[in-house]
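Below is a structure I'd like to ask you about.
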Amino acid sequence: QWDPMITTLPGLYLASVGVVKPAAWLFGWTGSVVCSAGMLRFINLLFSAGNFYLLYLLLSKIHQKNKAVSGFQRILSTLTLAMFPTLYFFTFLYYTDPGSVFFTLFAYLMCLYGNHKTSALLGFCGFMFRQTNIVWTVFCAGNVVAEKLNEAWKTELQKKKDEKISSRKGSFSELIRILRFLIEYLMSLKNLVTLTVLTWPYIILVMVFLVFVFINGGIVVGDRSSHEACLHFPQLFYFLSFTVFFSFPHLLTPTKIRKFLLSLRKHPVQYSLLAVISLFLIWKFTYVHKYLLADNRHYTFYVWRKIFQRHELVKYVLVPVYTFAAWSFADTLKSKSIFWILMYFVCLLAVTVPQKLLEFRYFILPFLIYRLNIPFLSLYRQLLELAFYIVVNAVTFYLFLNKTFQWPNSDEIQRFMW
């Protein structure tokens with residue numbers, strides 16, 4: 001039986017059958033027990049336990065060269081990410097998010113260990129939970145490409161004996177040089193063959209995705225009228241603001257604010273140009289989904305009503321906030337190679353911009369991948385972040401469980417949620 005309002009592929013339901021059916025056969029459970037809400041929600045509890053372990057393994061792998069970070073800090077950071085409010089809330093409901101995150105993180109881990117066939121297979125499982133997860137398959141392939149490009153770029157720098165270029169990351173002349181190098185590298189047939197040999201499992205999966213889109217006539221499988229793709233560029237600004245809110249111990253520090261103001265003073269022309277582009281994108285590409293205006297169960301409804309609907313100019317006034325968020329976000333990633341940053345940014349655009357609906361659940365995976373790749377904080381700031389997540393989760397569960405309400409045209413109980 002298929003509800004036409006469901007928009008994702010049946011990955012969660014297939015996984016549920018795969019776990020619950022053998023358990024029912026083994027313990028002799030009846031249908032009412034097997035298909036109860038509690039038993040189905042238990043599936044997401046399993047995925048969440050898996051996510052905790054995967055987050056720990058990913059942190060250990062990504063930061064393996066950082067010997068200054070203690071085992072306790074790794075576990076603390078893992079616990080914090082596992083309790084990330086927008087994801088943690090859905091651990092206890094029957095939603096696709098925990099499973100979608102599980103298979104995507106697992107695919108990323110296998111990619112980092114060089115098991116690309118396994119990674120692509122897990123990427124397919126993630127795609128079965130949510131179609132937009134194909135972007136994170138491209139991200140895994142991009143990791144491999146970025147690594148190769150970085151090696152070639154280092155060789156190029158060594159040849160020219162120009163160490164100043166690598167140290168002055170972020171300068172405009174360096175960006176032009178990198179783009180020229182990128183074009184030259186990708187114009188070489190030998191390099192393209194090498195990259196294809198390394199990433200062929202991901203290429204096959206992307207081709208399967210394109211066939212699916214062609215046959216299906218789009219990405220969405222159910223209610224297409226409510227999930228139309230568009231160029232909604234302000235989604236990137238919403239994501240950056242969301243990230244600053246949930247990572248304020250990393251991104252909103254006095255040191256960062258001082259550095260940003262200094263950068264602003266040094267490069268007024270660049271920031272002015274950035275502000276003009278941002279204002280134009282907000283003016284021409286802001287979309288307001290009907291769910292955002294009508295569904296008062298979700299936090300985004302109140303964010304939109306209390307902030308953006310206060311005045312027509314509010315969305316423009318927030319540009320300095322977005323600019324700081326973007327600078328702070330990029331500043332925390334400066335330890336990564338320029339090719340990794342470019343690849344992540346392309347995937348971030350692909351996963352956020354086409355979405356018409358402002359929905360915090362769409363930000364879970366780009367946020368987690370970002371957080372996994374930034375440097376560790378001091379113990380005090382890590383504890384502050386964890387405490388903040390615990391408070392947000394406690395408030396969310398309190399509202400969900402105790403502050404129920406009813407719509408005039410429905411007898412069902414409604415609840416506040418992400």
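If N is the number of residues in the stretch 173-244, what value comes out of its Cα radius of gyration divided by 2.2 N^0.38 Å? Please list the in-between numbers first.
Numbers: Rg = 18.5 Å, N = 72, 2.2 N^0.38 = 11.2 Å.
Normalised by 2.2 N^0.38 Å, the Cα Rg of the stretch 173-244 equals 1.65.
To the nearest 500 deg cm²/dmol, what mean residue ellipticity at 222 nm is calculated for the chain from DSSP H runs of n ≥ 4 alone, each contributing -39,500 (n - 2.57), summed and divided by the residues?
On the way: 22 runs with 294 residues, N = 418.
So the helix-based figure for the chain works out to -22500 deg cm²/dmol.
Follow-up. How tilted is helix 268-285 with respect to the longest principal axis of the chain? Cα atoms for both, answer in degrees (0 to 90, nearest 10).
Approximately 30 degrees, to the nearest ten.
Per-residue HN-Hα couplings for the stretch 112-118, Karplus 6.51 cos²θ - 1.76 cosθ + 1.60 at θ = phi - 60°, whole Hz, x for Gly and Pro?
Taking θ as phi minus 60°, the curve returns 5, 8, x, 8, 6, 5, 5 Hz for the stretch 112-118.
Report the convex hull volume per residue for the stretch 228-377, counting only C-alpha atoms, in Å³. Provide the component values of the computation, followed by the final result.
Values: hull volume 18.6 nm³, N = 150.
Taking only Cα atoms, the stretch 228-377 has a hull volume of 124 Å³ per residue.
Specify the longest stretch of the chain that does not include any exposed loop site, a site being one of the GluC sites (Glu not before Pro) with a non-H, G, I, E, B DSSP assignment and at most 16 other Cβ atoms within 10 Å.
On the way: sites that count: Glu228, Glu312, Glu412.
My reading of the result: 1-227 is the longest stretch.
Now, a different point. Assuming R0 = 35 Å, what is the FRET efficiency of Arg415 and Val269, from their Cβ-Cβ distance, to the nearest 0.05? Can you show the working numbers first?
Working: r = 50 Å, r/R0 = 1.41.
Once the sixth-power term is evaluated, E becomes 0.10.
Measuring from centroid to centroid over Cα atoms, what is the spacing of the stretch 328-389 and the stretch 73-132 in Å?
So the separation of the two Cα centres works out to 14 Å.
Quick check: convex hull of the Cα atoms in the stretch 44-135, volume per residue, rounded to a whole Å³?
Taking the convex hull of the Cα positions in the stretch 44-135, it is 92 Å³ per residue.
What do you get for the angle between helix 254-266 and the principal long axis of the chain? Use alpha-carbon atoms, 0 to 90 degrees, nearest ten.
50
Let me ask you something else. Lone cysteines in the chain, defined as no other cysteine's Cβ under 4.7 Å from theirs: which are they?
Cys35, Cys125, Cys230, Cys347 - these cysteines have no disulfide-compatible partner (Cβ-Cβ under 4.7 Å) in the chain.
If we sort 74-87, 118-131 on the protection proxy, mean other Cβ atoms within 10 Å, highest first, what's the order? It would help to have the intermediate numbers written out before the result.
Values: 74-87: 19.9, 118-131: 23.1.
Ranking the peptides 74-87, 118-131 by packing returns 118-131, 74-87.
Where the eigenvalues come from the Cα gyration tensor of the chain, what are the semi-axes √(5λ) of the equivalent ellipsoid, largest first, in whole Å?
Working: eigenvalues 250, 155, 104 Å².
Over the Cα atoms of the chain, the semi-axes work out to 35, 28, 23 Å.
A further question follows. Compute the relative contact order of the stretch 228-377 as a whole-number percentage, counting only Cα pairs closer than 8 Å that sit 6 or more residues apart in sequence. If you can, show how the numbers build up before the last one.
Numbers: 110 pairs, mean separation 69.4, N = 150.
Answer for the stretch 228-377 is 46 percent.
What's the extension gain from Gln309 to Asp3 if we count 0.36 nm per residue and subtract their Cα-Cα distance? Kindly include the intermediate steps, with their values, before the conclusion.
Working: separation 306, 0.36 × 306 = 110.16 nm, distance 3.34 nm.
So the chain would gain 106.8 nm between Gln309 and Asp3.
Further, regarding this structure: Name the trypsin sites (Lys or Arg not before Pro) in the stretch 375-418 that are in a loop by DSSP and that have at most 15 other C-beta atoms within 10 Å, would you?
Details: sites: Arg381, Lys403, Arg415; in loops: Lys403, Arg415.
Passing both the DSSP loop test and the Cβ count: Lys403, Arg415.
Using a 10 angstrom cutoff on alpha carbons, build the Gaussian network for the chain and name the most mobile of Asn191, Asn44, Asn133.
The residue with the greatest mean-square fluctuation here is Asn191.
Let me ask something additional. Tell me, what is the Rg over Rh of the stretch 204-293, with Rh the Kirkwood radius over Cα pairs?
Working: Rg = 19.2 Å, Rh = 17.0 Å.
For the stretch 204-293, the value is 1.13.
Shifting gears a bit: Starting from the residue with the highest accessible area, list Phe92, Phe139, Phe405 in decreasing order, probe 1.4 Å.
Numbers: Phe92 85, Phe139 0, Phe405 40 Å².
Order by accessible area, largest first: Phe92, Phe405, Phe139.
I would also like to ask the following. At 1.4 Å probe size, put Ile6, Ile134 in order of accessible surface, largest to smallest. Can you show the working numbers first?
Numbers: Ile6 45, Ile134 15 Å².
If we order Ile6, Ile134 from most to least accessible, we get Ile6, Ile134.
Quick check: pseudo-label points 7 Å beyond the Cα along Cα→Cβ at Lys284 and Thr404, how many nm apart are they?
In this crude label model, Lys284 to Thr404 measures out at 4.9 nm.
Next up: Only Cα pairs within less than 10 Å get springs; with that Gaussian network setup on the chain, which residue of Trp153, Trp304, Trp25 has the largest fluctuation?
Largest GNM mean-square fluctuation: Trp25.
In the chain, with Lys and Arg counted as +1 and Asp and Glu as -1 at Cβ, which of these residues, Gln414, Ala275, Trp29, has the Cα nearest the positive end of the dipole, that is, farthest along it?
Selected residue: Ala275.
Could I ask something else about it? If each residue of separation counts as 0.36 nm, what is the full-extension length gain between Leu379 and Leu57 once their alpha-carbon separation is subtracted?
Details: separation 322, 0.36 × 322 = 115.92 nm, distance 1.96 nm.
Taking Leu379 through Leu57 to full extension adds about 114.0 nm, to one decimal.
The values are calculated or read from the model by the stated rules, or taken from the named source; none is laboratory data. Only a predicted model underlies this, so the values are computations on that prediction, with no experimental measurement involved. Note: ideal-geometry Cβ built from the backbone for every residue, glycine included; neighbour counts use all protein chains shown. Quick note on the areas: whole protein, heavy atoms, side chains included, nothing else; ligands and nucleic acids left out. Shrake-Rupley method; radii C 1.70, N 1.55, O 1.52, S 1.80 Å.
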